[in-house]
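Reviewing the structure listed below.
The values are calculated or read from the model by the stated rules, or taken from the named source; none is laboratory data. These numbers come from a predicted model, not from an experiment. Here Cβ is always computed from backbone atoms with ideal geometry, including for glycine, and neighbour counts include all displayed protein chains.
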């Protein structure tokens, strides 16, 4: 089965995690980072998760799962220590058209949590469709070692410059080439920055592809 790769906006959407133990902890953290409106259902929780619930990071329903918990839910993660409960959550979610991930049970998943490399707004997600999470984690470590730490800040400045170009330049091949050229150049905040001058003039030049250094830095 082919998977459709997608980066999904969850901010403000109602999401549910069934379970609040070790299996669920990383999934809860991922959903909170995505700013989901999160409810967790579990009779017990890890102390660290209980503290987060008490601090208002998510709503904790301290009880067993009920089918009505899926009402109004956009996405659910079944992360209990019971495979039977996880399968039940998946089956009920499927009946309701709710996206579901049953942790460590690939056949009962509509989606998988990838291994992710992050540098600010830059995210590189790696999935093996549940075949080998260990391989995904190894590849994540290798890619992480290739990316310079400052690439996130560079991308933020590049995004600002891109928006300026989109406002100033008419759509077309010339603008497309300009944006590709800017993505190759280092950026600084000085008015004399070559990349910023290029964005103002809109003049592009063709350059050969240089070999990437071992660590991928801004502008490469």
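Worth pointing out:
- The one condition from (1) touching a helix residue (DSSP H, G or I) at 6+ places or on another chain (Cβ under 7 Å); (2) free of Cβ contacts under 8 Å to residues at least 40 places away in the same chain that residue 70 does not meet is (2).
- Among the candidates 85, 103, residue that is surrounded by 17 or more Cβ atoms within 10 Å (Cβ to Cβ), in the same structural domain as residue 34 (by TED's automatic domain parsing) and at pLDDT 95 or above: 85
- When the criteria are applied in full, residue 55 meets the requirement of being without any contact (Cβ under 8 Å) to a residue 24 or more places away in the chain, in the same structural domain as residue 107 (by TED's automatic domain parsing) and more than 19 Å from residue 113 (Cα to Cα).
- Here the condition is being under 23 Å from residue 112 (Cβ atoms), surrounded by 19 or more Cβ atoms within 10 Å (Cβ to Cβ) and touching a residue at least 60 places away in the same chain (Cβ under 8 Å); of 23, 17, it holds for 17 alone.
- Restricting the range 81-92 to residues that are in contact (Cβ under 8 Å) with a residue 60 or more places away in the chain and in contact with a strand residue (DSSP E or B) (Cβ under 6 Å, 6 or more places away or on another chain), the residue that is nearest to residue 23 (Cα to Cα): 86
Conditions (1) part of a strand (DSSP E or B); (2) assigned by TED's automatic domain parsing to the domain that holds residue 125; (3) free of Cβ contacts under 8 Å to residues at least 24 places away in the same chain; (4) surrounded by fewer than 20 Cβ atoms within 10 Å (Cβ to Cβ), marked per residue:
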position: 3; (1), (2), (3), (4): no, no, no, yes
position: 10; (1), (2), (3), (4): no, no, no, yes
position: 35; (1), (2), (3), (4): no, no, no, yes
position: 44; (1), (2), (3), (4): no, no, no, yes
position: 48; (1), (2), (3), (4): no, no, yes, yes
position: 65; (1), (2), (3), (4): no, no, no, no
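- Residue in the range 99-114 that is outside any helix (DSSP H, G or I) and over 19 Å from residue 131 (Cα atoms) present: yes
- Residue 123 out of contact with any helix residue (DSSP H, G or I) (no Cβ under 9 Å at 6 or more places or on another chain) and part of a strand (DSSP E or B): yes
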